[in-house]
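The structure appears right after this line, and notes come after that.
The values are calculated or read from the model by the stated rules, or taken from the named source; none is laboratory data. Because the structure is predicted, anything quoted here is derived from the model rather than measured. Ideal geometry is used to build each Cβ from the backbone, glycine not excepted, and the neighbour counts take in all protein chains shown. Accessible surface is based on the protein model in full, side chains and every heavy atom, while ligands, DNA and RNA are left aside. Shrake-Rupley method; radii C 1.70, N 1.55, O 1.52, S 1.80 Å.
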Amino acid sequence: MSPPFNQESYLNMELLRFTTAGSVDDGKSTLIGRLLLDCKAIFEDQLEAVEQTSRRKGFSHVDLSLVTDGLKAEREQGITIDVAYRYFATPKRKFIIADTPGHIQYTRNMVTGASTANLAIILIDARKGVVEQTNRHSFIASLLGIPHIIVCINKMDLVEYSEVVFEGIVQEYKKLSSKLDVKDVHFIPISALNGDNVVERSQNMDWYQGPTLLYLLEHVHITGDENHIDCRFPVQYVIRPQQKEFHDYRGYAGRIASGVFKPGDKVKVLPSGFAAQITAIHQVEHGELEALDEAFSPQSVTITLDTDVDISRGDMIVRENNTPTVGQDIDMMVCWMNDKKLVPNGKYAIRHTTKEARCIIKDVRYKVDINSLHRNEQDKEIGMNDIGRILIRTTVPLFYDSYRKNRITGSVILIDEGTNETVAAGMII
Amino acid sequence: MHYYHLSHLHQLESEAIFVIREAAAQFEHPVLLFSGGKDSIVMTHLAYKAFYPARIPFPLLHIDTGHNFPETIEYRDNLVNKLGVRLEVRFVQDSIDKGRATEEKGPNASRNLLQTVTLLDALEELKVDAALGGARRDEEKARAKERFFSHRDEFSQWDPKNQRPELWYLFNARRHAGEHFRIFPLSNWTELDIWQYIAMEKIELPNLYFSHERDCISRGNMILAKSDYLYLREDEKPQRMRVRFRTIGDMTCTGAVLSPAASIDDIIIEVAASRVTERGTRADDKRSETAMEDRKKAGYF
């Protein structure tokens with residue numbers, strides 16, 4: 001299968017971002033290597049390098065997992081340290097893989113990879129079944145609101161391609177997922193090493209009638225993943241050309257977070273609350289302004305309004321009759337991502353859409369034991385890789401929605417004001 | 001029910017424009033690193049789209065090795081004129097003359113590594129706090145781990161093991177004095193995406209990218225253009241070849257490919273069928289397995 005080059009097809013290709021999660025030695029890197037190899041996304045010089053390294057290490061086969069190794073330290077230690085991004089395409093879709101490490105101490109990487117994903121592949125070793133890490137990965141996928149999950153039960157070749165083993169794991173996983181908020185779950189028995197049901201249908205599992213992994217990746221219904229109902233436009237940048245021709249032009253540039261905007265729409269500007277009407281929505285085509293009949297997420301556009309109200313970066317343009325919550329006391333789940341633990345009553349910088357403010361941590365309500373999924377209300381110490389529920393108060397009002405409803409206006413990051421490091425990811429409840 | 005749908009190229013375009021605007025909003029002195037290669041041309045095109053009808057609110061910075069293809073310089077100057085954008089050029093030769101960099105010797109000598117010295121000096125001189133680059137994650141394994149907003153310490157070093165997590169599209173640009181960021185709006189683009197976008201947008205390119213006849217030599221697996229800067233070994237005799245370039249850097253280390261592809265559509269077909277990465281034509285990456293990682297840590301593009 002070669003990538004598309006015919007213009008009609010590539011102009012209509014969709015984009016799917018997915019993340020992969022598995023424990024150490026579940027064969028995650030091998031699976032990605034297999035997908036890339038069978039979709040012809042590994043080039044000869046890359047394959048040659050991998051073959052050479054495999055030989056040098058004395059392996060009898062080409063170690064496909066080497067394809068995804070990036071940094072020197074990773075190759076030396078044989079582990080993956082950081083999220084790496086991989087790309088491949090079929091005639092139907094272009095794929096972006098956020099390849100995240102399976103090591104327990106790197107939960108923060110999975111959260112990072114999951115934050116922009118439409119789909120998560122969760123790998124389970126057929127010999128081991130559902131393990132603690134599976135709980136962790138599934139919980140994170142649901143917490144980060146990934147709409148689609150594919151559970152790949154790998155290493156089927158090592159359990160004699162047994163349907164009984166597969167069905168047992170499916171049942172076990174369904175018990176787990178019933179406790180989580182996940183909507184669309186699929187199960188596929190695979191062998192990443194041999195390629196069964198990855199790109200090619202397996203010759204060894206006649207009992208499995210479902211799609212291959214690639215088929216599913218190409219056909220999962222993703223057009224409904226965007227929120228096209230609640231109109232939210234965070235103002236990113238104000239465009240004021242200092243040129244004669246555009247003397248009075250004042251455009252509000254940004255990327256539509258959700259919803260569909262049209263010229264003539266009656267809108268409200270937050271935080272001022274001023275009402276206005278959209279006069280035009282522009283993009284730039286062939287060096288000129290092009291007026292759009294409508295614009296929707298995730299398009300980057302420039303909006304002009306009929307009144308000259310004072311609007312700057314961090315403000316939000318919304319529909320008059322559908323507004324986000326405006327408030328300073330915010331309840332959220334956080335994933336902590338820094339060696340320095342959360343400081344109760346500590347102050348942090350906070351980023352939300354295009355707005356930056358400061359906040360104070362008013363309360364830690366509970367910590368989640370992400371292996372058992374229990375709430376712990378006794379031990380509320382939140383450190384690296386912990387997930388908990390907190391209450392914050394911000395210096396200025398934010399305009400937000402719940403993360404469940406809106407992944408853009410429902411998400412924040414917290415920043416340590418001393419080190420400037422990003423210390424937490426927050427999902428508003 | 002009517003579904004709103006953006007194609008993959010439009011999604012990538014929207015993402016890149018968002019990142020470029022975010023850089024302009026969060027930094028005081030951004031520059032766009034312009035090499036004359038197709039990726040920096042696409043970046044400039046996107047920056048134009050991000051701010052029009054205003055002009056691009058930051059200058060282009062070209063680190064001139066003195067070993068450029070003449071076509072690159074001509075293209076650059078035309079583009080700058082057309083867009084009305086400011087251009088800053090800093091020369092590797094000046095760094096050599098000042099004794100800040102030492103010319104490499106021998107047949108594989110290149111000024112590729114020396115550029116880092118000139119680049120870092122220029123960033124300091126211009127008080128740059130954000131340098132936008134056209135690097136893509138699909139190019140090379142060390143680049144696959146890059147962030148959109150990539151932090152550099154006061155020595156301009158990249159610390160790949162200790163990068164800030166980057167969540168959703170919430171970019172953390174907070175920095176201490178003396179630190180800066182590298183910004184990569186094209187992170188998620190592949191070589192094929194770049195070409196398809198060039199076709200869709202009808203972006204003009206230097207003719208080096210299209211098939212033409214030129215005197216070249218074969219060295220190892222590489223085809224190098226004959227030029228005043230290329231040191232010829234005794235047994236090397238230039239021959240007339242029909243070639244084009246997949247990437248454009250210095251004349252001394254950019255390999256050509258034998259190709260009849262004369263139009264963008266031809267190139268898209270050729271790239272789609274290609275079995276070798278574009279950086280496979282770059283001698284600078286072939287020096288060692290971690291050549292790019294090592295250069296990036298030291299502050300390279």
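Restricting attention to the stretch B:125-218, which GluC sites (Glu not before Pro) occupy a DSSP loop and are surrounded by at most 16 other Cβ atoms within 10 Å?
B:GLU154, B:GLU179, B:GLU204
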**DSSP beta bridge pairing in the stretch A:297-429, given as percent antiparallel to the nearest 5** = 100
**Prompt:** How large is log10 I(q)/I(0) at q = 0.05, 0.08, 0.10, 0.12 Å⁻¹ when the Debye formula is applied to the Cα atoms of the protein assembly as shown, each weighted equally and without solvent?
**Reply:** -0.25, -0.65, -1.05, -1.51
**Request:** Apply the Karplus parameterisation 6.51 cos²θ - 1.76 cosθ + 1.60, with θ equal to phi minus 60°, to every residue of the stretch B:180-190 and state each ³J(HN,Hα) to the nearest whole Hz, in sequence, with x for glycine and proline.
**Result:** 9, 10, 9, 10, 10, x, 9, 2, 8, 8, 9
**Prompt:** How many nm separate the modelled label positions at A:SER162 and A:VAL396, each set 7 Å beyond the Cα in the direction of the Cβ?
**Reply:** 6.2
**Asked** In deg cm²/dmol and to the nearest 500, what is the mean residue ellipticity at 222 nm of chain A if only DSSP H runs of at least 4 residues count, each as -39500 (n - 2.57), divided by the residue total?
**Response** -5000 deg cm²/dmol
**Message:** Tell me the angle of helix A:44-56 to the major Cα principal axis of chain A, expressed in degrees between 0 and 90 and rounded to the nearest ten.
**Reply:** 50
**Fill in**
For chain B, percent of DSSP beta bridges that are antiparallel (nearest 5) comes out at 60
**Message:** Which lysines, if any, have their Cα less than 21 Å from the Cα of B:LYS105, not counting same-chain residues under 8 positions apart?
**Reply:** B:LYS226, B:LYS237, B:LYS286
**Item:** Estimated vicinal HN-Hα couplings, Hz - the stretch A:277-292 in sequence order (Karplus 6.51, -1.76, 1.60; Gly, Pro = x)
**Value:** 10, 6, 8, 7, 10, 10, 10, 10, 10, 6, x, 10, 5, 10, 7, 9
**Prompt:** Any idea what log10 I(q)/I(0) is at q = 0.07, 0.13, 0.14 Å⁻¹ for chain A, Debye with uniform C-alpha scatterers and no solvent?
**Reply:** -0.41, -1.21, -1.31
**Request:** May I ask you to derive the FRET efficiency for A:GLU294 and A:SER9 from their Cβ-Cβ distance with R0 = 30 Å, giving the value to the nearest 0.05?
**Result:** 0.75
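What does DSSP give for the protein assembly as shown in terms of the percent of beta bridges that are antiparallel, rounded to the nearest 5? Before the final figure, lay out the partial values.
Working: 98 of 136 bridges.
Among the beta bridges of the protein assembly as shown, antiparallel pairing accounts for roughly 70 percent.
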**Asked** When the chain is fully extended, how far beyond the present Cα-Cα distance does A:LYS262 get from A:LYS341, taking 0.36 nm per residue of separation?
**Response** 23.9 nm
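Among the listed pairs A:LYS40/A:LYS174; A:LYS262/B:LYS49; A:LYS155/A:LYS175; A:LYS128/A:LYS179; A:LYS28/A:LYS347, which have their C-alpha atoms separated by more than 32 angstrom in this model? Write down the numbers at each step before the final one.
Working: A:LYS40/A:LYS174 34 Å; A:LYS262/B:LYS49 20 Å; A:LYS155/A:LYS175 22 Å; A:LYS128/A:LYS179 21 Å; A:LYS28/A:LYS347 39 Å.
Beyond 32 Å between Cα atoms: A:LYS40/A:LYS174; A:LYS28/A:LYS347.
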**Cα long-axis angle, helix A:132-143 against chain A (0 to 90 degrees, to the nearest 10)** = 30
**Prompt:** Using r as the Cβ-Cβ distance of B:ASN162 and A:ARG365, and R0 as 30 Å, what FRET efficiency do you calculate, to the nearest 0.05?
**Reply:** 0.45
**Asked** Given the options A:PRO241, A:PRO263, A:PRO147, which has the most mean-square fluctuation in a GNM of chain A, springs set between C-alpha atoms less than 10 angstrom apart?
**Response** A:PRO241
**Asked** In Å², what does the accessible area per residue of chain B work out to with a 1.4 Å probe?
**Response** 38
**Message:** Using a 7 Å offset from the Cα along the Cα-to-Cβ direction at both B:LYS202 and A:ASP206, what is the distance between the two label points in nm, to one decimal?
**Reply:** 5.9
**Asked** Calculated FRET efficiency, B:GLU236 and A:GLU48, Cβ-Cβ r, R0 25 Å, to nearest 0.05?
**Response** 0.50
**Asked** Between the helical axis of A:28-38 and the dominant principal axis of chain A, each derived from Cα atoms, what acute angle in degrees is found, rounded to the nearest 10?
**Response** 90
**Asked** Is any residue of the stretch A:128-161 close enough, with backbone N under 12 Å, to a label point placed 7 angstrom from the Cα of A:ASP25 along the Cα-Cβ axis, and if so, which?
**Response** A:128
